[in-house]
Structures are given as C-alpha cells and as structure tokens.
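The values are calculated or read from the model by the stated rules, or taken from the named source; none is laboratory data. Remember, it's a predicted structure, so these values are computed and weren't measured experimentally. Note: ideal-geometry Cβ built from the backbone for every residue, glycine included; neighbour counts use all protein chains shown.
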Amino acid sequence: MATQLDELSTEVREEGLDTNVIVKKIPAEVGVGSKLFEVALWILGIIPGLIFLFMKINAQKHFDQLQQKIQRNASQIDNYLEQRVMVLQNCARLLDKAIDLDKSTFENIAKYRAGNSGDQDAARNEVEGQIETISRDINVAVENYPELAAHREIADAMQQNMYLQREITAARELYNDTINEWNKDIFAWPTKKIVAAKNGYTTRIPFIASKEIKEKAKGVFF
C-alpha cells in the first residue's frame with residue numbers, strides 16, 4: 001500500500017498557509033437511530049435499560065463538571081486581563097500621555113466575569129484586543145522617548161505587563177485544552193452525544209488571536 005502522505009513527491013505550498021479560527025458553533029444532534037437504540041435496550045430487558053440510564057446520568061455529571069472547569073479556566077484569563085489593564089493604566093498615567101482607557105473595557109470585564117454577556121468567548125476576545133491596542137500605544141510612547149525607559153517605575157510596569165502577557169498565554173492554552181475536551185465529548189456516541197443533543201449543547205469557540213496580533217506576528221523584528 002502506498003504512503004498516503006509523501007512529503008517528497010506531493011506538491012508543497014511554498015507561500016505557506018494563513019489559517020483562522022472558524023467562528024461557528026456546531027450543535028450535537030442525534031437521529032432516529034439513536035432513539036431506536038435506546039428503545040432496543042429497554043426491549044432487551046430492564047437491566048440494559050437501567051445501565052444505559054445510569055450511563056446517561058454520569059455523562060450529564062461529566063458535562064456539568066466540564067462546564068465548571070471551563071468557567072474556572074476562563075475566570076483565570078479574566079483575572080490576568082484585569083490585572084494587565086490596571087498595570088497599563090498605571091503605566092499610561094506615569095507616561096503622562098493622552099492614552100485613554102475606554103471605560104467599556106472595565107464594563108465588559110465586569111460583565112463577562114459575572115456571566116451576563118451573550119457570548120462570553122467573543123466578549124473576552126474583544127476586550128483582549130482592546131488591551132493589546134493600549135499596550136502597543138504605550139510601547140510606542142516609550143520608544144519615542146528613550147529616556148522614559150530608564151524610569152524605574154515605568155520599567156517595572158512594563159516588566160509586569162510582559163509577565164502578565166505570558167500568564168495570559170499559558171491560561172489560554174489551558175482554556176483551549178478544556179474547550180477541545182468539550183467539543184470532542186459532545187460528539188462521543190452513544191451516551192454523551194445523546195445527552196448533549198437532549199440539552200442542546202453546541203461546540204464552543206477556542207481563543208482567537210486578534211487581527212492586529214496576527215499582523216504584528218508577520219512583521220520584521222530584526
């Protein structure tokens with residue numbers, strides 16, 4: 001049997017491939033076959049039916065716990081985002097520049113931390129994009145005035161900003177891992193998929209890097 005993927009003879013796309021996260025939630029759905037499967041278990045006897053019933057209860061418990069885990073991971077990102085906003089706000093004040101922090105940034109953070117936003121994943125990505133813009137403006141201000149970089153308080157604030165960005169990146173990885181587990185499990189037939197379909201569960205969107213960050217990643221740094 002020939003090798004399905006052959007890096008030596010297959011056409012290579014030398015220009016590379018720019019990929020993006022598809023913002024689409026796919027619902028977990030089951031057909032008539034799944035319903036017939038459940039009915040057949042009860043027809044075979046009360047024991048098979050009860051066993052499957054307990055399996056569904058455990059599946060529901062698994063999804064409930066997974067949702068709490070997702071909330072905990074998301075809250076960790078939110079905490080770091082909030083700290084980063086405060087650090088950047090202090091840094092902007094030190095620079096004495098007209099870098100206004102949009103009031104809606106704090107309102108959005110409070111909103112999705114309280115679970116009141118319609119789409120928490122989208123809100124979190126939007127706020128993080130705002131924070132990145134603020135961080136860029138502050139970096140530009142420091143670059144334009146080299147003597148500011150020697151200021152102890154500003155240097156400390158920028159160091160804290162870098163540290164928090166690394167923590168946010170690590171927290172995103174943990175969040176995405178849990179989202180991946182959720183997206184995989186809601187399609188695990190029969191038990192989990194049947195429970196997910198009954199509850200109307202859909203896939204969840206992982207973290208999406210902002211357009212600005214992607215453009216910066218393509219830049220020349222040296």
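For (1) outside any loop (DSSP other than H, G, I, E, B); (2) over 24 Å from Arg204 (Cα atoms); (3) β-branched (Val, Ile, Thr), each residue gets a yes or a no:
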| position | (1), (2), (3) |
| --- | --- |
| Glu15 | no, yes, no |
| Thr19 | no, no, yes |
| Ile22 | no, no, yes |
| Gly33 | yes, yes, no |
| Ile43 | yes, yes, yes |
Can we say Arg113 is in contact with an Asp or Glu (Cβ under 7 Å, 6 or more places away or on another chain), modelled with pLDDT under 90 and over 13 Å from Tyr175 (Cβ atoms)? yes
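Okay, residues lined up against (1) over 30 Å from Gln130 (Cα atoms); (2) β-branched (Val, Ile, Thr); (3) surrounded by fewer than 17 Cβ atoms within 10 Å (Cβ to Cβ):
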| site | (1), (2), (3) |
| --- | --- |
| Gly33 | yes, no, yes |
| Leu36 | yes, no, yes |
| Trp42 | yes, no, yes |
| Gly49 | yes, no, yes |
| Ile77 | no, yes, no |
| Leu81 | no, no, no |
| Met86 | no, no, yes |
Would you check which residues across the range 58-69 are in contact with a helix residue (DSSP H, G or I) (Cβ under 9 Å, 6 or more places away or on another chain) and more than 14 Å from Tyr201 (Cα to Cα) and list them? Asn58, Lys69
Suppose the filter is under 30 Å from Asp177 (Cβ atoms), surrounded by 10 or more Cβ atoms within 10 Å (Cβ to Cβ) and charged (D, E, K, R); does Lys25 pass it? yes
Among all residue pairs at least 6 apart or on different chains, which show Cβ distances below 6 Å where the first residue, located in the range 158-169, is closer than 12 Å to Gln83 by Cα and at pLDDT below 85 and the second is part of a helix (DSSP H, G or I) and not polar (S, T, N, Q)? Asn161/Val87
Given (1) assigned to a loop (DSSP other than H, G, I, E, B); (2) of a type outside the set (A, V, I, L, M, F, W, C); (3) at pLDDT 75 or above; (4) over 34 Å from the mean Cα position of the chain (by Cα), index of the condition Ser9 fails: (3)
Ile194 passes all but one of (1) of a type in the set (Val, Ile, Thr); (2) in contact with a Phe, Trp or Tyr (Cβ under 9 Å, 6 or more places away or on another chain); (3) at pLDDT below 80; which number fails? (3)
Subset of the range 159-204 [exposed (fewer than 15 other Cβ atoms within 10 Å of the Cβ) and in contact with a Leu (Cβ under 8 Å, 6 or more places away or on another chain)]: Glu181
Does Ala98 fit the bill of being in a loop (DSSP other than H, G, I, E, B) and either touching a strand residue (DSSP E or B) at 6+ places or on another chain (Cβ under 8 Å) or at pLDDT below 80 (or both)? yes
